[in-house]
Amino acid sequence: MRQKLFFTGLIVMFALSAIGHFGHWDMTAQFIISAIAIIFVAGFLGKATESVAHYAGQRLGGFLNATFGNAAELIIAIFLVKEGLFDMVKASITGSIIGNLLLVLGLSVLLGGLKYKVQTYNIKLAEHNGSLMILAVIALFVPAVFIKMEKFSIDEDKLLSIAVACILIVCYLLWLVFSMITHKDMLSDEVMNADHGEEPAWSKMTSIIMLVVATVMVAFTSEWLVHTLDTFTHKFGLSELFVGAFVIAIVGNAAEHSAAIMLAMKNKIGAAVEIAIGSSLQIALFVAPVLILVSILFNHNSFMDIVFSPIELTAIGVSVFIAKSVNKDGSTNWYEGVLLLMLYVILGFAFYLV
């Protein structure tokens with residue numbers, strides 16, 4: 001019954017979003033409908049990914065959840081880059097990182113912790129995740145300091161941005177090799193790999209087809225949402241920073257929200273952490289660098305550099321600090337989830353007032 005209602009809502013909202021876009025409805029109405037449609041589509045994407053993950057294994061499944069969960073954000077960001085809205089793209093990257101580290105992980109730890117007193121996962125994975133999160137902060141902090149303080153020329157700015165972007169992509173790809181091939185056993189999780197007797201939603205081939213269909217639907221709804229942002233932002237007097245960091249990030253994170261929380265409530269906190277922290281790392285070490293390279297392909301004269309504002313760097317830095325502190329021992333409880341969520345609320349108020 002629930003599944004029927006979900007798919008009915010998915011089809012209805014996707015159709016309304018398409019009609020609103022091509023029928024040139026009021027921009028505010030278009031924004032609201034498109035945002036709701038993306039939440040449904042992201043949920044569909046999460047279901048398809050979880051079904052594929054059943055056949056691929058939990059470790060690879062967590063990676064797939066993070067990757068396809070980020071599909072909505074990546075596609076939205078590419079359309080924003082194409083429109084030259086670089087500040088909003090950087091804000092959405094910031095929002096994705098802090099949203100996954102604080103909101104997605106916070107809700108997962110809180111709701112999982114209310115059901116299970118203490119949840120544990122591989123401490124080696126926690127240590128490596130912490131090191132990678134620190135690398136992500138350093139990689140964003142160093143260019144901002146050098147480019148601003150040394151007053152680099154446009155060419156020097158471009159060269160450093162491209163160099164750092166390429167290095168981060170290589171670092172992320174090597175992490176995948178390390179975590180999924182050479183040191184796969186060391187980072188495995190017994191709870192994540194346990195067979196809970198759950199049946200996948202669809203067959204293997206159907207799951208793959210559903211994954212492709214969901215990704216295509218995300219692409220369409222993302223474009224329709226981006227089309228409304230400029231008018232919506234000006235109409236309600238919201239800053240690009242707040243819209244990018246919170247509105248777009250929350251909508252785009254819908255798939256991770258549902259998947260990570262459901263796994264945590266099944267006592268699979270390792271898989272939930274893999275989605276939340278893995279998604280943040282993927283955004284910082286892969287998606288952001290790719291968007292920098294994509295911006296150069298779209299327009300050789302104007303490009304998105306890797307320099308984030310002090311506000312964005314502060315938000316990312318404090319989020320990484322508390323997330324690393326909470327997860328360093330490989331165990332979680334509900335109060336740690338509260339701490340993560342409280343910081344997210346604090347940052348939300350601060351961003352809204354900018």
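The values are calculated or read from the model by the stated rules, or taken from the named source; none is laboratory data. Only a predicted model underlies this, so the values are computations on that prediction, with no experimental measurement involved. Every residue, glycine as well, gets a Cβ built from its backbone with ideal geometry; the counts of neighbours run over all protein chains shown. Ligands, DNA and RNA are excluded from the accessible area calculation, which covers all protein heavy atoms including side chains. Shrake-Rupley method; radii C 1.70, N 1.55, O 1.52, S 1.80 Å.
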What's the number of the condition Asn267 fails, among (1) assigned to a helix (DSSP H, G or I); (2) open to solvent by 20 Å² or more (accessible area, probe 1.4 Å); (3) under 30 Å from Tyr116 (Cα atoms)? (1)
State which residue is nearest to Cys166 (Cα to Cα) when the search covers only region 308-321 and only residues that are crowded, with 20+ Cβ neighbours inside 10 Å and among the β-branched types (Val, Ile, Thr). Ile316
Options Ala42, Ala37, Ala66, Ala91; residue that is surrounded by 16 or more Cβ atoms within 10 Å (Cβ to Cβ) and modelled with pLDDT under 75: Ala66
If you scan region 1-33, which residues turn out to be at positive phi and under 25 Å from the mean Cα position of the chain (by Cα)? none
Region 337-354: number of residues that are of a type in the set (Val, Ile, Thr) and open to solvent by 80 Å² or more (accessible area, probe 1.4 Å): 2
Do any helices (runs of 4 or more DSSP H) entirely within region 286-354 hold 1 or more residues that are of a type in the set (A, V, I, L, M, F, W, C), over 30 Å from Ser153 (Cα atoms) and under 21 Å from the mean Cα position of the chain (by Cα), and if so, which? 310-327, 334-353
Going through region 322-336 in order, the residues found to be open to solvent by less than 20 Å² (accessible area, probe 1.4 Å) and closer than 25 Å to Gly244 by Cβ are Ala323
Tally, over region 209-236, of residues that are without any contact (Cβ under 8 Å) to a residue 60 or more places away in the chain and either closer than 13 Å to Ile33 by Cα or touching a helix residue (DSSP H, G or I) at 6+ places or on another chain (Cβ under 6 Å) (or both): 1
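One line per residue, one yes/no per condition, for (1) of a type outside the set (Lys, Arg); (2) without any contact (Cβ under 8 Å) to a residue 40 or more places away in the chain; (3) over 15 Å from Phe232 (Cα atoms):
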| residue | (1), (2), (3) |
| --- | --- |
| Leu10 | yes, yes, yes |
| His24 | yes, yes, no |
| Thr28 | yes, no, no |
| Phe40 | yes, yes, yes |
| Lys47 | no, no, yes |
| Ser51 | yes, no, yes |
Could you please tell me which pairs satisfy a Cβ distance under 7 Å, a separation of 6+ or placement on different chains, a first residue in region 72-89 that is in contact (Cβ under 8 Å) with a residue 60 or more places away in the chain, and a second residue that is among the charged types (D, E, K, R) and open to solvent by 50 Å² or more (accessible area, probe 1.4 Å)? Phe79/Glu223; Asp87/Glu240; Met88/Glu240
Would you be able to tell me the number of residues in region 200-217 that are within 17 Å of the chain's Cα centre (by Cα) and at pLDDT below 80? 1
Open to solvent by less than 10 Å² (accessible area, probe 1.4 Å) and either under 16 Å from Ala323 (Cα atoms) or under 19 Å from the mean Cα position of the chain (by Cα) (or both): which single residue out of Leu103, Leu80 fits that description? Leu80
Lone unmet requirement of (1) of a type in the set (Gly, Ala, Ser); (2) open to solvent by 30 Å² or more (accessible area, probe 1.4 Å); (3) at pLDDT 80 or above for Ala56: (3)
Considering only region 235-264, state which residues are part of a loop (DSSP other than H, G, I, E, B) and modelled with pLDDT under 75. Asn253
Checking the conditions here, which among Leu293, Leu297, Leu281 is at pLDDT 85 or above and open to solvent by 40 Å² or more (accessible area, probe 1.4 Å)? Leu293
